[in-house]
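Reading through the structure tokens given below for one structure.
The values are calculated or read from the model by the stated rules, or taken from the named source; none is laboratory data. Quantities reported herein were computed from a predicted structural model and do not represent experimental measurements. Virtual Cβ from ideal backbone geometry, glycine too; neighbours counted across all protein chains shown. Just the protein is used for accessible areas: all its heavy atoms, side chains included, with ligands, DNA and RNA removed. Shrake-Rupley method; radii C 1.70, N 1.55, O 1.52, S 1.80 Å.
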Amino acid sequence: MRIFDADRQEWVGHEQERRIAELHDRDAVRQGKALRGAVTVLAVCGLAFGTWALGWKDEPGPTGYLTVLEKPARSGDPAAEGDTAAPSPAGVPPAPYEEVFDAEGFRLAVPRGWVRDLVTPTEGFNVVNYRSPEGDRRLQVYEVGEASPYVSLRTWLDETPMPGGFDQLAPLERTDDEGRPAARLEYVADKFKGEPDIGAWHVIDHRFEAVDGKLYALAVYGSDADGRDDEEEFMSTALAWFCPPEEICPEPESH
């Protein structure tokens, strides 16, 4: 039995045999992950050895150095006990964004002053929303269970009742995020359940494989009346700063 998830606007609980048939979409990208992991470990070991060697040269005797990475507190989790959020990079997000370590364990950047809420569906993954104080802009983050980003969006298009006024702006697009599979859907719609009536909404739904090998969705929502560049910038910043739980991600490039 499948259940329609109104928060993610899609059906959940797909048949197991369909997932098995779709798994081949992810096989190719998995083959490179072990090699990337090995290269990363060798690079870190080389850096650690170079640091030790310089310290030994400048000191009277050999000196060992131990660096402990303390995980920062997460948004919505004051105690931060058992924190699994990714470490903060050295840089900072561009204004007016701020770095957030979400209680679900991931890192990203959102505009300052936005309000977080969590939706726990009866089936599937939790959905995290960050909303502007006026409610006219939103960032949605959640893990997806399909075999690939493209299949996830294709399934949404084929099996989900579209919101009122739905108009797909471009063909469903396969993309590549640093060697990992991704897909993007851009559209406008007149209204969404539980959201304010602001006229046409402009939506960018980007689904991708992160460095932990899991699939995630980032969806940005905003008014179509003020143009579409702001949603593009919002998505670009969110993607650059996204880091899944228990992973150390590269520092995003400054803009």
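Structure notes:
- Equivalent-ellipsoid semi-axes of segment 99-255, from the Cα gyration tensor, Å, largest first: 22, 19, 16
- Expressed as a whole percent, the accessible surface of segment 163-255 that belongs to carbon and sulfur atoms is 45, based on a 1.4 Å probe.
- Farthest positive-ward along segment 146-255 dipole, Cα basis, beta-carbon charges - from Ser152, Gly222, Pro245: Ser152
- Low-density loop cleavage sites - GluC sites (Glu not before Pro) in segment 165-255, where at most 15 other Cβ are within 10 Å (DSSP): Glu178, Glu246, Glu253
- Arg112 sits with roughly 150 Å² accessible to a 1.4 Å probe, with DNA, RNA and ligands left out of the calculation.
- Among Thr175, Thr122, the order of accessible area from largest down is Thr122, Thr175, computed with a 1.4 Å probe on protein heavy atoms.
- Cα pair distances exceeding 21 angstrom across segment 167-244, given as percent: 30
- Formal net charge of residues neighbouring Leu172 (Cβ-Cβ distance under 11 Å; K, R +1; D, E -1): 0
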